[in-house]
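Undergrad: Let me give you the structure first, and then I'll get to my questions.
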Amino acid sequence: MTRERIFVGIDVSKARLDVHLHPAGERFAVANDRAGWRALARRLRRMEEVVIGLEASGGYERGVADHLAAADLAVYRIDPAQVRAFARSRARHAKTDPIDAEMIARWLAAHGDRAQPYRPDPARRRLSEMVAHRGRLVAQAATLEGQLDTIDEPVVRRLIGADIKRIKAAVLLLAKTVAALIAAHRDLSRRHDLLTSVPGVGPVLASTLIGQLPELGAGDAKAIAALVGVAPYSRQSGATDRGGRCRGGRHHVRAVLYMATLSAIRCGNPAIKPFYERLRRAGKPAKPAIVAAMRKLVTILHAIVRDQTAWKSAATA
């Protein structure tokens, strides 16, 4: 007699975890704290075979995900956009915490083979948080520098200048801390060396990919391009074809990849620059050509990490 798998959807909020068991349809809630995690783990471990899905919820999911994974339960962290698209396809337009938990469980039952198992990684988590904060600081500095173009008042200009100086000092401190963290961990250091072996790829893109795109090197290259947001989706109906359009993805990773791709073109990366120039000569506008070059670059990086082969070896293979 085969055992029935139970798919567990967990909708995470700051204070509460709404849980849905599929196909049984059972619902309950626990507190999003250590006592609630322990109670949830005990309840789920009494079941024969459970698969647990929860959405990335700004960090509020980390505690319960770590606790359930430590209890040897199968945990998957799912992209919220995929769950919402799945809900709309089922004509479930209402959005409440119990409904979200149900949709997570049903998505996991239908598409769980696409998800990556959750594995706690404290070093990568630290790296991800530092990389994300660096991005916020760089954006703040750019905003303040733009304001200097329209402000004449000396006192305000001095204050803005002091803020910019402080932010740049924080960015430098983060860069040094990130470098030390990567150097102290063999796996992170190895991945960093592989990525930076590619012309045009510097420590900023390498640390961003390591921290915020852990899927790089696993699975399908097209899926990686979609995660970054550089995979075009067809828009064709009957005789009308409006071409592919990129959407979604991880905005911060895409922004850093964009700058690295420009660097790869300017420094003459032999895989990226000729590809970009060929597209431009064929009449492709600059922006779509750059996006295509971004997709090619991230595909190359994916293959390098997957095969554990540095750029020079890959280029001469």
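Undergrad: So for the stretch 1-119, averaging the separation of alpha carbon pairs under 8 Å that are six or more residues apart and normalising by length, what relative contact order in percent results?
TA: Across the stretch 1-119, relative contact order equals 32 percent.
Undergrad: On to the next question. Can you give me the pair-distance distribution of the chain, C-alpha pairs, 10 Å bins, whole percents?
TA: For the chain, the binned pair fractions read 5, 21, 26, 25, 16, 5, 1, 0 percent.
Undergrad: Cut-off under 24 Å on the C-alpha distance; same-chain residues fewer than 8 positions from LYS176 excluded. Which lysines are left, in chain and number order?
TA: LYS165, LYS168
Undergrad: Which of the helices in the chain, when you take each full DSSP H run, stretch at least 27 Å along the axis at their Cα atoms and have an average Kyte-Doolittle score of 1.0 or higher?
TA: Sorted by number, the helices that extend far enough and score high enough are 154-184.
Undergrad: Another question, if that's okay. Lys and Arg at +1, Asp and Glu at -1: add these up for the other residues within a Cβ distance under 11 Å of HIS252 and post the number.
TA: +4
Undergrad: Another question, then. For the chain, what is the mean residue ellipticity at 222 nm derived from helices alone (per DSSP H run of n ≥ 4: -39500 (n - 2.57); sum divided by total residues; nearest 500 deg cm²/dmol)?
TA: Roughly -19000 deg cm²/dmol at 222 nm, from the helical runs in the chain.
Undergrad: Additional query: Among DSSP beta bridges lying fully in the chain, give the percent that are antiparallel, nearest 5.
TA: For the chain, the DSSP antiparallel bridge percentage is about 65.
Undergrad: How high is the relative contact order of the chain? Use alpha-carbon pairs under 8 Å, at least six apart in sequence, and give a whole percent.
TA: It rounds to 13 percent for the chain.
Undergrad: Can you return the lysines within cross-link range of LYS273? Criterion is Cα-Cα under 29 Å, with same-chain partners fewer than 8 residues away left out.
TA: Counting by Cα, and skipping residues close in sequence, LYS273 has these lysines nearby: LYS222, LYS284, LYS287, LYS296, LYS312.
Undergrad: Further question on the same structure: Around ILE167, what is the net charge, scoring Lys/Arg as +1 and Asp/Glu as -1 over all other residues with Cβ under 11 Å from its Cβ?
TA: That sum, taken over residues with Cβ under 11 Å, equals +3.
No value in this document is a laboratory result; all are computed from the given coordinates. Since the model is a prediction, treat every value here as computed from it, not as a measurement. Backbone-built Cβ (ideal geometry, glycine too); neighbour counts: all protein chains shown.
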